[in-house]
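Structure first, then comments.
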There are 2 protein chains.
Amino acid sequence: MKAVVVQRGERKPRVVDRPRPVSDPGEALVRILRVGVDGTDREVIRGAHGGFPADADEMVLGHEAVGVVVEPNDTDLAMGQAVVPTVRSPTTDGDRSWFDRGESDMAPWDAGDFHERGITGADGYMAEYVTCPARALVPIPDDQVAEGFLVEPLSISVKALEQVSAARSAFDWRPESAIVLGNGSLGLLTLGLLNVGDRFDRLYCLGRRDRPDPSIEIIEDLGATYVDSRETPVAALPDKVEPMDLVFEATGSPRHAVETVEALAAGGVGALLGVPEDGEMEIDAGRLHRKMVLDNKALVGSVNSNSGHLATASDRLADLPEWLVERVVTGIYPPERLDAAFADDDTTIKTAVELGEYEKR
Amino acid sequence: MKAVVVQRGERKPRVVDRPRPVSDPGEALVRILRVGVDGTDREVIRGAHGGFPADADEMVLGHEAVGVVVEPNDTDLAMGQAVVPTVRSPTTDGDRSWFDRGESDMAPWDAGDFHERGITGADGYMAEYVTCPARALVPIPDDQVAEGFLVEPLSISVKALEQVSAARSAFDWRPESAIVLGNGSLGLLTLGLLNVGDRFDRLYCLGRRDRPDPSIEIIEDLGATYVDSRETPVAALPDKVEPMDLVFEATGSPRHAVETVEALAAGGVGALLGVPEDGEMEIDAGRLHRKMVLDNKALVGSVNSNSGHLATASDRLADLPEWLVERVVTGIYPPERLDAAFADDDTTIKTAVELGEYEKR
């Protein structure tokens, strides 16, 4: 079967031939339809994040997958069921309690309890067939197979927004304003989620793009306001725009994370999602500490998602306007066109690699 | 009547004679029994925090009060009811919605919606009589009048711990370890709260004191471990002690606030309560940002408390061991002994000024 891998010492993905995997007990065989590409994949490819499986010189890429069950094996899954898989899988010797209680997304990063498929320690999903434990597979409706690769990235936001709501649940939080930092695919999808249900009166999205730009057009068509970070740094938001009840950081910039404390309104919360490298900077820690306290501000870091978040994300995907999904997904490419699938230019928002076609069961 | 005030340009409290206040409609007249002294009072006295009432050159001190209602006026309060008052009071022209929904503690710091009695903009409670709106007065049991001045500081911790629990309520948080940064009265009372109900397996308290020291003895008699910050900086806690599921910062040190991110275990939460002045420092913001995200860490700032927190704090005070309260309270002094009441030395933990004696109703 075809598989898209990155090889040790190389800095670009390639297609290789691999044997079709065989399910262990408790695992189903899944035929993969599409796998999304995101910034984490690019970091893995350039060696900035994650790592190869033990004793391996290549790793199958991909963690945003949608597929159909073709061999249920001894699981409860039905033949032909459309599914999205979770990203984390337990290591052989690790503490499995996080998985047993369905919260592998909360496991400590560096304790060796999990791999992240396609990211660190285990092959990903960008192959024609993969095997997965039943509990790693979340059923989705048949009519979501085309855009089902968006469920995993949406689940990242769903989880972070759950943490946000929880962090403000000890009082009568009445948010009006929210800003997403970052106009990449995760930023735009999150803006879409925040726009559903009119929870926020005013939405903003921060980027550093010149017009005309497809992401700015999407932001404005969602009724949100584009904020150019070159004119309005995050710390200047309260003065130049307004204090924000919610800041959703999806840029990976430590400067943005620090300045989120300044950007927040009293009682506000910042969700941090980026994964930056080390970076020293001079900050007024006294001022930030004092502002956190006197205005009851909160910051929540959030990574990964579990099967519950994937299920919720599938529901949320159904709530998003069709035009948003159509315009966020700028290309679906076969494995022969990896250059296009992994492109990172101003006209690319979200792409996926298509490994197989859906056939109605 | 006697009142303890700080006068503009002076750096120590004094006793003055003031007319007994007269209740407006909706207010009760309260005879004050005792008023606790804390670090905020000392900051107010040295001009580092808060501010005088408009057009006034002196302010009555004190925000940790216990008293009895002596003129219910048109309120629902009973004559002789023991009460503790909230600290915030609405300003004439401010947005009162925070007060109307019972969450004045969540009002923005600098919007001019509230005074803090005895701290900024309004006279405090360190006087023989004060008037308070009925909704600012929280009934407590008669048998708490002696130590009732501890209800307000306890309510600060109660509120912060509510925010902590909320911030970890989106998953199955199973904390084992907690450290209180700061071995002052608030730190010790918080350690006492954390010790009730065996929620944590291991408790720690950080200070910078040499043995023998009364606070270290209290820490150890609570079954907690004393950590000397001169040997173990906050950032070194994971390596030298253990990663902490909860860090409760009660020192006002921005360095501690920043290093709390390092000290936390995966899924952990840091409560920030100190109110430092500005202070620049060089930090590895990239590393802290990344750790917040990859290990799902949270930080919650918390200030002040509302009447609900005071009521809960009264319940919690009843749960604390008697010996703890007796040893935390190192002195009760009449207004004639303000030097002793406001002392800040290594044998003083918590003091109060006694304005009146309790008579059973």
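Values in this text are rule-based calculations from the coordinates and carry no lab data. What you are looking at is a predicted structure, and each value in this text was computed from that prediction instead of being measured. Here the Cβ positions follow ideal geometry from the backbone for every residue, glycine too, while neighbour counts run over all protein chains shown.
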So, in Å, what gap is there between the alpha-carbon centers of region B:259-291 and region B:297-361? 29 Å
Taking the 0 to 90 degree range and rounding to the nearest ten, how far is the long axis of helix A:151-167 tilted relative to the main principal axis of chain A, both from C-alpha atoms? 40 degrees
Listing A:MET292, A:MET126, B:MET281, A:MET106 by rising number of other beta-carbon atoms within 10 angstrom, fewest first, gives B:MET281, A:MET106, A:MET292, A:MET126
Using only the Cα atoms of the protein assembly as shown, what are the Rg and Dmax in Å? 28.7, 92
How large is the Kirkwood hydrodynamic radius of chain A, in angstrom, based on all distinct alpha carbon pairs? 21.0 Å
If you put +1 on each Lys and Arg Cβ and -1 on each Asp and Glu Cβ, how big is the dipole of region A:246-361 around its Cα centre, in Debye rounded to 20? 580 debye
Do me a favour and compute the ellipsoid semi-axes for region A:303-357 from its Cα gyration tensor, root of five times each eigenvalue, largest one first, whole Å. 24, 15, 12
Potential extension, A:THR347-A:VAL70 segment - 0.36 nm per residue separation minus Cα distance: 96.1 nm
Degrees, to the nearest 10: B:307-319 long Cα axis against longest axis of chain B: 70 degrees
For region A:206-361, fraction of C-alpha pairs farther apart than 18 Å, in %: 71 percent
Straight distance only, please: which lysines reach the Cα of B:LYS297 with their own Cα at less than 24 Å, same-chain residues fewer than 8 apart left out? A:LYS159, A:LYS291, A:LYS297, B:LYS159, B:LYS240
On the formula 1/(1 + (r/R0)^6), with r taken between the Cβ atoms of A:ASP95 and A:ARG18 and R0 of 25 Å, the FRET efficiency rounded to 0.05 is 0.25
For A:GLY356, which inter-copy label distances result when the label point lies 7 Å beyond Cα on the Cα-to-Cβ vector, reported in nm to one decimal and in ascending order? 8.1
Summing -39500 (n - 2.57) over every DSSP H run of at least 4 in chain A, dividing by its residue total and rounding to the nearest 500, the 222 nm mean residue ellipticity is -7500 deg cm²/dmol
Quote the Stokes-Einstein diffusion coefficient, in whole µm² s⁻¹, for region A:157-196, based on the Kirkwood radius over alpha carbon pairs, a temperature of 37 °C and a viscosity of 0.692 mPa s. 296 µm²/s
With r defined as the distance between the Cβ atoms of A:GLU231 and A:ASP142 and R0 fixed at 41 Å, what FRET efficiency is calculated, to the nearest 0.05? 0.35
Which trypsin sites (Lys or Arg not before Pro) in region A:216-317 sit in a loop by DSSP (not H, G, I, E or B) and have at most 11 other Cβ atoms within 10 Å of their own Cβ? A:ARG230
How large is the dipole of region B:155-301 about the Cα centre if only Lys and Arg carry +1 and Asp and Glu carry -1, each at its Cβ, rounded to the nearest 20 debye? 300 debye
Just to confirm the numbers: B:THR91, label point 7 angstrom along the Cα-Cβ line, distances to the other copies in nm, shortest first? 5.5
Going by C-beta contacts inside 10 Å, put B:LEU222, B:LEU317 in order with the fewest on the left. B:LEU222, B:LEU317
Taking A:ASP105, B:ASP345 and counting other C-beta atoms within 10 Å, the order from fewest to most: B:ASP345, A:ASP105
When DSSP beta bridges are limited to those with both residues in the protein assembly as shown, what percentage is antiparallel, rounded to the nearest 5? 55 percent
If r is the Cβ-Cβ distance from B:ALA111 to A:ARG11 and R0 is 45 Å, what FRET efficiency results, to the nearest 0.05? 0.30
Taking the Cα of A:MET281, stepping 7 Å toward and past its beta carbon, and measuring to each backbone N in region A:170-187: which are under 19 Å? A:179-184
If the only charges are +1 at each Lys and Arg Cβ and -1 at each Asp and Glu Cβ, what is the size of the charge dipole of chain A around the Cα centre, to the nearest 20 debye? 140 debye
Nearest-5 percent of antiparallel DSSP beta bridges in chain A? 55 percent
With Cα coordinates, the longest principal axis of chain B makes an angle with the long axis of helix B:254-263, in degrees rounded to 10, of 40 degrees
Sequence neighbours fewer than 8 away in the same chain don't count; with that in mind, list the lysines whose C-alpha is under 20 Å from B:LYS12. B:LYS2, B:LYS350
Hey, for A:PRO19 with labels 7 Å out along Cα-Cβ, what do the inter-copy distances come to in nm, ordered shortest first? 9.8
Starting from region B:271-361, pick out the GluC sites (Glu not before Pro) whose DSSP state is loop and whose Cβ has at most 14 other Cβ atoms within 10 Å. B:GLU277, B:GLU357, B:GLU359
Of all trypsin sites (Lys or Arg not before Pro) in region B:154-209, which ones are in loop regions per DSSP and have a Cβ with at most 14 other Cβ atoms within 10 Å? B:ARG208
Compare the Cα positions of B:MET59, B:THR91, B:LEU320 along the charge dipole of chain B (+1 at Cβ of Lys, Arg; -1 at Cβ of Asp, Glu; about the Cα centre) and return the one farthest towards the positive end. B:LEU320
Using 0.36 nm per residue, how much length does the chain from B:ARG174 to B:TRP323 gain when fully extended, once their Cα-Cα distance is taken away? 50.7 nm
So between B:ASP221 and B:LYS360, what do we pick up on full extension, going 0.36 nm a residue minus the alpha carbon distance? 46.7 nm
For B:ALA48 and A:GLU43, extending 7 Å from Cα along the Cα-Cβ vector and measuring point to point gives, in nm, a value of 4.0 nm
